[in-house]
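Scroll down for the structure; my scribbles are underneath it.
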Amino acid sequence: MTVATAALDIHLILRRGPDILLGRRRGNVYGRGQWALPCGKVHPAEPFPDAAIREADEELGITISTDQLALAHTVAISNGDDHHLGVFYEVRHWTGTITNREPNKCEQVRWFPLDKLAQPLMDYSAVGITGYLQAPGAMTTYDAEMQPTTVRAAAG
């Protein structure tokens, strides 16, 4: 019996009023030329909030505390042997000035209104943003045919 493993990803939905921050990917990275949320891989044994805080510092030079992270949406993709779990956090408060600290991976960062996002927008970011807006706190799953299903969070 084989055990499926998944890549664990953190995505940050940084809000400034009605706007969110997107970065245009460059070089030989996944999604080159597309706009995406700030994101990154979770390190082995790293808690998701710690990964979000680390990515905010590494990519943008800002400091976020755990109490400033709000779970926005989760995206699970299962396509054959390729599995990803993306945890999307909404962040409305941070300290520091946003700067592009990874110019080799991201050619620029800019604010965009939620109703007029940059194009082309990376699919992974688009799914997470849509889920955040339409079913906050829920999970969108994709099957092998890449058909989405949104699973709502249990009422509390």
Report, to the nearest 10°, how far helix 123-134 tilts away from the longest principal axis of the Cα atoms in the chain, using its own Cα long axis and a range of 0 to 90°. 90
Expressed as a whole percentage, what fraction of the accessible surface of region 8-156 belongs to carbon and sulfur atoms when a 1.4 Å probe is rolled over the protein heavy atoms? 52
Compute the accessible area per residue over region 50-128, keeping the other protein chains in place, probe 1.4 Å, unit Å². 50
Considering every pair of different Cα atoms, what Kirkwood radius, in Å, is found for region 47-113? 13.5
Need the full-extension length gain, residue 57 to residue 135, defined as separation in residues times 0.36 nm minus the C-alpha distance. One decimal, nm. 25.3 nm
Please give the contour-minus-distance gain from residue 93 to residue 4: 0.36 nm per residue of separation, less the Cα-Cα distance, rounded to one decimal in nm. 28.4 nm
Grab the beta carbon distance between residue 30 and residue 112, set R0 = 25 Å, and tell me the FRET efficiency rounded to 0.05. 0.75
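How long are the semi-axes of the equivalent ellipsoid of the chain, defined as square roots of 5 times the Cα gyration tensor eigenvalues? Whole Å, largest first.
In descending order the semi-axes read 23, 18, 17 Å.
For region 88-127, rounded, prolate or oblate, judged on the Cα gyration tensor with a ≥ b ≥ c (square roots of eigenvalues), a/c < 1.5 rounded, else prolate if a/b > b/c?
oblate
Give, in whole angstrom and from largest to smallest, the semi-axes √(5λ) of the equivalent ellipsoid of region 1-76, with λ running over the eigenvalues of the Cα gyration tensor. Each step should come with its number before you reach the end.
Details: eigenvalues 95, 65, 30 Å².
Semi-axes, largest first: 22, 18, 12 Å.
The values are calculated or read from the model by the stated rules, or taken from the named source; none is laboratory data. Being a predicted model, the structure only gives us computed values, none of them experimental. As a convention, Cβ positions derive from the backbone with ideal geometry for all residues, glycine included, and neighbour counts pool all protein chains shown. Just the protein is used for accessible areas: all its heavy atoms, side chains included, with ligands, DNA and RNA removed. Shrake-Rupley method; radii C 1.70, N 1.55, O 1.52, S 1.80 Å.
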